[in-house]
Amino acid sequence: MKNISKELFFGVLIILIIAGIIFYQSKNDQKITQKSASNKQESTISPAISSEESKKISVEEVKKHSKKEDCYMIIENKVYDLTSYIDSHPGGLIIARFCGKDGTGAFNARGKEKEPHSPKARELLKKYYLADLEK
Ligand code: HEM
């Protein structure tokens, strides 16, 4: 009798473990299908996002942001919002002279130094990209 109840106990235990594993796996499968469904959703909304990204800014609009406290700059036909960068620029406030303007020449010649900015500076510039310039 003792042996039978022992077997019964282990039998029930094994069934419970198997049921637990099946339950856990089915939960996981659900999560994966939910995830792939939301991924699909993302890919359907991405065209809307990219059309937003392709918004262009005109020279007239750039001109409206010509102060150190509100500074847009055109560099190589792209518009950057450099407002938050001006104060940490290693070259000092000379950069602010080009707010609201096309700073391509100044950027490529580092002002009067006639030497281009480093690749690091170019990389940094990307952080401030707003939009392409409307032609
Ligand atoms: C368009 C007007 C700009 C002018 C006239 C200008 C001028 C200068 C000058 C004269 C220096 C040399 C400082 C020194 O070594 O003592 C310098 C350095 C530097 N500038 Fe500008 N700058 C301009 C725009 C920018 C922009 C838009 C960025 C990046 C967002 C930038 C990032 C840097 C960096 C990182 C340095 C350190 C040296 C290097 O990595 O090339 N500058 N700048």
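Considering only Cα-Cα distances, which of the following residue pairs are longer than 26 Å: 68/112; 112/135; 55/114; 56/112; 56/114? Beyond 26 Å: 112/135; 55/114; 56/112; 56/114.
Temperature 20 °C, viscosity 1.002 mPa s: under these conditions the Stokes-Einstein estimate for segment 56-133, based on its Kirkwood radius over C-alpha pairs, is 175 µm² per second. So for 72, 129, 85, 24, fewest C-beta neighbours within 10 Å to most, what's the order? With the fewest neighbours first, 72, 129, 85, 24 line up as 24, 129, 85, 72. Considering only DSSP states other than H, G, I, E and B, which trypsin sites (Lys or Arg not before Pro) in segment 61-93 qualify as loop sites with at most 15 other Cβ atoms within 10 Å? When the trypsin sites (Lys or Arg not before Pro) of segment 61-93 are filtered for loop state and at most 15 Cβ neighbours within 10 Å, 64, 68 remain.
Exposure proxy ranking for 26, 88, based on other Cβ atoms within 10 angstrom of each Cβ and starting from the fewest, stands as 88, 26.
Every number here is computed from the coordinates shown, using simple stated rules; none is lab data. No experiment lies behind these values; they were computed from the predicted model shown. Cβ atoms come from the backbone with ideal geometry, glycine included; neighbour counts cover every protein chain shown.
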